[in-house]
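Asks: Below you'll find the structure I mean.
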Amino acid sequence: MEEELNQTSCFIDPGVAHPILITMYIVIFIGGIIGTSLMIFLIIGTNRLSVTTTSVINLLVVHGIFLISVPFRIAYYVQKRWSYGLIFCRIVSAMTHIHIYVSFIFYVIMLSMRYISFFKKKDKIEFYRTLHSLGVSGATWIIISIIILPSVFTQYGKSANFNETECFQFHDAFQSQAVVIVNYISSVLIFSVVSCLMVVQMFIIVKVVKQVKRPILTHQETWVQLKSLFFILVMIICFFPFHMLKIYYVSHAKECFYVNEICLSITALSCLDFFFFAVKTYYQKVFKFISFWA
């Protein structure tokens, strides 16, 4: 069997895959913690009635919950042994997938609100009261919990032949046609939605560039649209590799296991979005300061 796996184009030896995964998750954990902390600092004092701010706060919660599970992945790849039981293995494994789709939902909400604000020529879309923002956030989380969590925690990994010392070996689920179809649909959905968002974003950027005076980067609207473009690029860079592989992976799950794990770790790089966002915000302020005195 080992020889057959080595002949496939996507097989990676565990001795090569584990150091890559350890490095990736250490970067994700440290960068995610720093980025989340910086973003909490930056968001203090901002308008909490803004729909965009509410989406950012929810994204912070999503990233924070996921980051709690990362040390257990690092420990597993370092020790090459799972010591926490099947149920917790399923939870830690499922958290990566939950993080992808819940983050995607809040990215789409945030970008959609930005686009509506732009086309309606409003500075921002706001809730009337803080209670409204809390209510909408709570309702969104309830809907997500009802749709995603029950199926994940009751079905995810249920059909796997679990080895007490191994984790994340849930590729047996792809023997079910229903699971394969759901994975195809999720990939197509993400490709389609992100592509539509990119088309709209490029249209807006072109329109803004035509309207504003030079130098372009001194205008607030330019930076607003670059921030939106940044989040689209996060989805493309982080989510596309995994969902592109998935189309092939569903029928080659066993031999492509570690390639899939590496692509999953790439999805988790979206936790660094606020780290780079904070750096970009700092650069924007420095650039405006230099432009002002130039």
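The values are calculated or read from the model by the stated rules, or taken from the named source; none is laboratory data. This one's a predicted model, so the numbers in the text were calculated from it and none came from an experiment. Heads up, the Cβs are rebuilt from the backbone with ideal geometry, glycines too, and the neighbour counts pull from every protein chain shown. Heavy atoms of the whole protein, side chains included, go into the accessibility calculation; ligands, DNA and RNA do not. Shrake-Rupley method; radii C 1.70, N 1.55, O 1.52, S 1.80 Å.
Asks: Among the candidates Ile143, Ile185, single out the residue that is modelled with pLDDT of 80 or more and under 22 Å from Asn260 (Cβ atoms). If you could, list the steps in order and put the result at the bottom.
Replies: Values: Ile143 fails: under 22 Å from Asn260 (Cβ atoms).
Of the residues listed, the single one that is modelled with pLDDT of 80 or more and under 22 Å from Asn260 (Cβ atoms) is Ile185.
Asks: Do you know which residues across region 146-161 are surrounded by fewer than 16 Cβ atoms within 10 Å (Cβ to Cβ) and modelled with pLDDT under 65?
Replies: Of region 146-161, the ones surrounded by fewer than 16 Cβ atoms within 10 Å (Cβ to Cβ) are 146-147, 149-151, 153-155, 158-159, 161.
If the condition is that a residue be surrounded by fewer than 16 Cβ atoms within 10 Å (Cβ to Cβ) and modelled with pLDDT under 65, then Phe153, Thr154, Gln155, Lys158, Ser159, Asn161 are the ones that fit.
Asks: So for region 29-40 (the condition being closer than 30 Å to Ile116 by Cβ and surrounded by fewer than 17 Cβ atoms within 10 Å (Cβ to Cβ)), does at least one residue qualify?
Replies: Applying the first criterion (closer than 30 Å to Ile116 by Cβ) to region 29-40 yields 32, 35-36, 38-40.
Among the residues that remain, those that are also surrounded by fewer than 17 Cβ atoms within 10 Å (Cβ to Cβ) are: 40.
So far as region 29-40 goes, yes, one or more of its residues are closer than 30 Å to Ile116 by Cβ and surrounded by fewer than 17 Cβ atoms within 10 Å (Cβ to Cβ).
Asks: Here's another thing I want to ask about it. Here's a check for you: in region 120-140, which residue that is modelled with pLDDT of 75 or more and loosely packed, with under 10 Cβ neighbours inside 10 Å is nearest to Arg90 (Cα to Cα)?
Replies: Top of the filtered list is Lys120.
Asks: Residues to consider are Ala294, Ala268, Ala278, Ala253; find the one that is more than 20 Å from the chain's Cα centre (by Cα) and either at pLDDT 90 or above or open to solvent by less than 40 Å² (accessible area, probe 1.4 Å) (or both).
Replies: Ala253
To keep it simple, each residue is scored yes or no on (1) aliphatic (A, V, I, L, M); (2) part of a helix (DSSP H, G or I); (3) open to solvent by 60 Å² or more (accessible area, probe 1.4 Å); (4) modelled with pLDDT of 90 or more.
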| residue | (1), (2), (3), (4) |
| --- | --- |
| Ala178 | yes, yes, yes, no |
| Ile181 | yes, yes, yes, no |
| Cys196 | no, yes, yes, yes |
| Lys213 | no, no, yes, no |
| Tyr248 | no, yes, yes, no |
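Asks: Related question: May I ask you to verify whether Val78 is open to solvent by 70 Å² or more (accessible area, probe 1.4 Å), assigned to a helix (DSSP H, G or I) and either of a type outside the set (Val, Ile, Thr) or more than 20 Å from Ile143 (Cα to Cα) (or both)?
Replies: On the way: open to solvent by 70 Å² or more (accessible area, probe 1.4 Å): yes; assigned to a helix (DSSP H, G or I): yes; either of a type outside the set (Val, Ile, Thr) or more than 20 Å from Ile143 (Cα to Cα) (or both): yes.
Against the criterion (open to solvent by 70 Å² or more (accessible area, probe 1.4 Å), assigned to a helix (DSSP H, G or I) and either of a type outside the set (Val, Ile, Thr) or more than 20 Å from Ile143 (Cα to Cα) (or both)), Val78 qualifies.
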